[in-house]
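Read through the structure below, which is laid out as structure tokens, and then see the notes.
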Amino acid sequence: MHKTSAWPLAQVYFCLIVYASLYPFAHWRAQGVAPWLFLTAPLPRYWTGFDVVANVLGYMPLGFFLALSALRTDRGRFAFYAAALTAAGLSFAMECLQVFLPDRVPSNLDLLLNAAGGMLGAVVAWSLERLGFLQRWGRFRANWFIEESRGALTLLALWPMALLFPTAVPFGLGQVMLRLELALAELLSDTPFLEWLPLREVELQPVTSGTAWLCGVLGLVIPGLLGFCIIAQVSKRAWFLVWLALLGIGASGLSAALSFGPEHAWIWLTAPVQAALWTALLGLMALLWVPPRASAALAVLALGADLSLLNQMSINPYFEQTLFMWEQGRFIRFHGLAQWLGWLWPFAALVYLLSLVWSRPPKT
């Protein structure tokens, strides 16, 4: 059976849909009606084009990844039906659960659009398979990457999406300590357990230019070394660095455009950031000949240093204002999904890289 990265991507997207559908997970209550009563209700009278497009596109990736994972294994005969039914079943379950949430409104139109989106995603995957694109991708993957590469490919596919949520410094993913402390303090407030919360020995420090530069360098070096773990040939590693830089810059530019407007998409690309980019790329070029397992070990060290520096930084008022714009403004429809990716991506990468360091050397 072929091990495909589409299956872990489908699992990740499944969890993201559950999170977005049940956000903010508060004030659950029973209304004394059957959860599926919305099925027989009249179709909503008020809806927008954005609602239609969002509900269809929201489930298309799930249908696509589910069908793709089946097509890439020995279950291809059931790919389309399994993907479409799973997407429709998940949407039905989410709409039923929304009956118990006062902030969400279950809708039979949403169910129809979600099911249509899952079916369209499955159709796209099936069409790509019929047209031979999946076979070409299979040959490309076999030519470029080592056999056990789906974990790293999944992380690399999620990295640009994790960069969409604003970061205190460019490419600075994983700054969670301050928010974790505040969340724990709020959770334990008015309880005797609040006294057990350890106090920070050293106050968070303002971001200096040197620290920001180093975090920018490490933030780009980490996914670069992650790619080196699954790419063995030096020439292909060099091409990978080109695409890595383009994706990182593009995702960061899109994040700035969403925060401040398209005219300010490149406001973050200052001279120090450009210096960090070139330093990271030059450093990765010097490591083009490092074996995959050694690349994993170096990436673990870089992650440790990066997370340590980021979580000793204080959050400046300008960055707090940017977060406020994201969390309270027109991007509330993201329901914090991008920020969760930005927080958790480095830790998922750390777990994966440690598994590579501790396991037997991969086959090339």
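Rule-based calculations on the coordinates, nothing more; no lab input. This is a predicted model, so every value here is computed, not measured. Note that we place each Cβ from the backbone using ideal geometry, even for glycine, and neighbour counts take in every protein chain shown.
For the pair L246 and L301, label points projected 7 Å from Cα toward Cβ lie 3.1 nm apart. Sorting T167, T86 by the number of Cβ atoms found within 10 Å of their own Cβ, with the fewest placed first, yields T86, T167. The dipole here belongs to the range 6-144: it is taken about the Cα centre, uses +1 on the Cβ of Lys and Arg and -1 on the Cβ of Asp and Glu, and is about 480 debye.
Stretching the chain fully between R139 and A157 yields a gain of 4.6 nm (0.36 nm per residue, less the alpha carbon separation).
Under conditions of 20 °C and 1.002 mPa s, the range 6-144 yields 134 µm² s⁻¹ as its translational diffusion coefficient, taking Rh as the Kirkwood radius over Cα pairs in the Stokes-Einstein equation. With neighbours defined as other Cβ atoms within 10 Å of a residue's Cβ, the residues I222, I230, I267 order from fewest to most as I267, I230, I222.
Annotation: amide H-H contacts under 5 Å for M313 (H modelled 1.01 Å from N, sequence separation of 5 or more, or interchain): Q205. Residues in the range 161-171 carry Karplus couplings, in order, of 5, 5, 6, 5, 7, x, 10, 5, 10, x, 6 Hz; the curve used is 6.51 cos²θ - 1.76 cosθ + 1.60 with θ = phi - 60°, and Gly or Pro positions show x. Using R0 = 41 Å, the C-beta based FRET efficiency linking Y81 and T208 works out to 0.10. Listing C215, C96 from fewest to most neighbouring C-beta atoms within 10 Å gives C96, C215. The modelled label-to-label distance for the pair A34/V18, using points 7 Å beyond Cα in the direction of Cβ, is 2.6 nm.
In nm, give the distance between the simple-model label positions of W340 and L112, each being 7 Å from the Cα along the Cα-to-Cβ direction. Computed distance between label sites W340 and L112 equals 2.9 nm.
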